[in-house]
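The values are calculated or read from the model by the stated rules, or taken from the named source; none is laboratory data. Bear in mind the structure is a predicted one, so any value in this text is a computation, not a measurement. A quick note on method: Cβ atoms are made from the backbone with ideal geometry, for glycine too, and the neighbour counts reach across all protein chains shown. With ligands, DNA and RNA removed, areas are computed over all heavy atoms of the protein, side chains included. Shrake-Rupley method; radii C 1.70, N 1.55, O 1.52, S 1.80 Å.
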Amino acid sequence: MVRLNTLYQDKGKGWQSKQIIFQIAPSIGETIKIDKSFYKITNIIHHAEDGSLEVIAQAD
């Protein structure tokens, strides 16, 4: 399990953040689902020692 700290740009609300749990770590270019919308990971900011990631995602 991987904890994913996301910073994503919602079309109506602007920049939002949310923590999501994944089975395996996604990579740049992969699409993730957040609150019924799909976002593409555009950047990985930080890999923590505990395996968690901080990413930036934009609407797909």
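Couple of notes before you dig in:
- Amide hydrogen proximity for SER52: with H placed 1.01 Å from N in the peptide plane, the residues at 5 or more positions away or on another chain lying under 5 Å are ARG3.
- Each of TYR39, LEU4, PRO26 was placed along the dipole of the chain (beta-carbon charges, centred on the mean Cα), and the one lying farthest toward the positive end is TYR39.
- Dipole magnitude for the chain: computed about the Cα centre from +1 point charges on Lys and Arg Cβ and -1 point charges on Asp and Glu Cβ, it is near 280 debye.
- In terms of overall dimensions, the C-alpha atoms belonging to the chain reach 34, 18, 17 Å along their principal axes, ordered largest to smallest.
- Per residue, the chain exposes 69 Å² of accessible surface when a 1.4 Å probe is rolled over the protein heavy atoms with every protein chain present.
- Of all beta bridges that DSSP places with both ends in the chain, some 75 percent have antiparallel geometry.
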